[in-house]
Amino acid sequence: MDEVWILVKCICGNSFGSRKASFSSCPRCGSSKGKTQRELQSPESLAEAVAASNLPSQISQEIESRIAAEQSRRATTREKVRGGPEAIHRIMRQSTGSDGRLSIKKLSSELEKEGYTEPSAEQAIGQAEMEGILYRADSESWYWL
Ligand SMILES: [Zn+2]
């Protein structure tokens, strides 16, 4: 028996193939409201037609996922600029010299190096003093508690 195959374009935009005799619902959304685009005489030509028909949407999906990746990368960068307390504490430790003193100049340059505009070195130290983890050693440096 000669079977006829159909290329179906679903309302969701997905194209898929089906036997004409037993029309199936969309494998992507489950809808059976798709419209027959073409009739084909072999499963091979059907497969080609399905692939060609879905190509633009596959490309746009790829672009969408690339955009999503880019957006999440930017979100991570924003997060870094905003600076959580852990990140600030890490940079403060990095700025601590071998004598155990944290110098405000060093902290300021380390913050800048890591791309932080907020908080400033003064703000970060002020916060740490309030938290009781630093105390002033002299006008320019602090000890860890
Ligand atoms: Zn669908």
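The values are calculated or read from the model by the stated rules, or taken from the named source; none is laboratory data. This is a predicted model, so every value here is computed, not measured. FYI the Cβ positions are ideal-geometry reconstructions off the backbone, even for glycines, and counts take in every protein chain you see. Surface areas here come from the heavy atoms of the whole protein model, side chains and all, with no ligands, DNA or RNA. Shrake-Rupley method; radii C 1.70, N 1.55, O 1.52, S 1.80 Å.
Of the trypsin sites (Lys or Arg not before Pro) in segment 1-45, the ones in a loop by DSSP (not H, G, I, E or B) with at most 14 other beta carbons within 10 Å are K20, R28, K33. For E140 and E112, the difference between the fully extended length at 0.36 nm per residue and the C-alpha to C-alpha distance is 8.3 nm. Rounded to the nearest 10 degrees, the angle from helix 104-113 to the longest Cα principal axis of the chain is 20 degrees. Taking all protein chains together, D138, D2, D99 sort by accessible area into D2, D99, D138, largest first [probe 1.4 Å]. By the rule of a C-alpha distance below 22 Å, with chain neighbours fewer than 8 residues away ignored, the lysines paired with K105 are K80, K113.
Rounded if a/c is under 1.5, else prolate if a/b beats b/c, else oblate: with a ≥ b ≥ c from the C-alpha gyration tensor eigenvalues square-rooted, which is the chain? It is prolate, given that a/c is not under 1.5 and a/b is the larger ratio. Of all aspartates and glutamates in the structure, the ones whose alpha carbon falls short of 17 Å from that of K20, not counting any fewer than 8 places away in one chain, are D2, E3, E39, E44, E48. Computed over the chain, the per-residue total of -39500 (n - 2.57) for DSSP H runs of n ≥ 4 gives a 222 nm mean residue ellipticity of -16500 deg cm²/dmol, rounded to 500. Segment 1-20 to segment 92-145: how many Å between their Cα centroids? Rounded to whole Å, the Cα centres lie 67 Å apart. Residue separation of S72 and K105 scaled by 0.36 nm, minus their Cα-Cα distance, works out to 8.6 nm of gained length. Placing unit charges on each Cβ (+1 for Lys and Arg, -1 for Asp and Glu) gives the chain a dipole about its Cα centre, and among S141, S25, S120 the Cα reaching farthest toward its positive end belongs to S25. With R₀ fixed at 25 Å, the C-beta to C-beta distance from E3 to A51 puts the FRET efficiency at about 0.80.
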